[in-house]
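> Below is the structure I would like to discuss, written out as structure tokens.
A short reminder: the numbers here are calculations on the coordinates, not readings from a lab. Owing to the predicted nature of the structure, the values given are computational and were not obtained by experimental measurement. Every residue, glycine as well, gets a Cβ built from its backbone with ideal geometry; the counts of neighbours run over all protein chains shown.
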Amino acid sequence: MISTVTTVTTTVTTTSVIAAANATMGLIAVLILLALLITRELTRTAQSKFSRTMADFISVGTVPLILIFVIIIAMKVVQIITG
């Protein structure tokens, strides 16, 4: 009986920690995406060649983060639909 309670407690704790870590990673990815998009728009409006090059460089980093953002939204929608 004690080993069953210990196993269940360990499983629940591990699942909770993993869920919290996933939520934190998702939040960090979204915040980085937001910061990169703001920086890209600010550098895009500048007239210098360096600013345009920097905007192109930042655009390369935003594509994977946009894909991660779409996956996060899709997972949340599925989670809401399945209850």
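> So between T24 and K76, what do we pick up on full extension, going 0.36 nm a residue minus the alpha carbon distance?
Values: separation 52, 0.36 × 52 = 18.72 nm, distance 1.42 nm.
That works out to 17.3 nm of additional length.
> A further question follows. Which FRET efficiency value, to the nearest 0.05, do you get for F69 and A46 by plugging their Cβ-Cβ distance into 1/(1 + (r/R0)^6) with R0 = 30 Å?
Values: r = 26 Å, r/R0 = 0.86.
For F69 and A46, the calculated efficiency is 0.70.
> If you add up the charges near D56, with Lys and Arg at +1 and Asp and Glu at -1, over every other residue whose beta carbon is less than 14 angstrom from its beta carbon, what do you get? Intermediate values should be presented prior to the final figure.
Numbers: positive: R40, R44, K49, R52; negative: E41.
Cβ neighbours under 14 Å give a net charge of +3.
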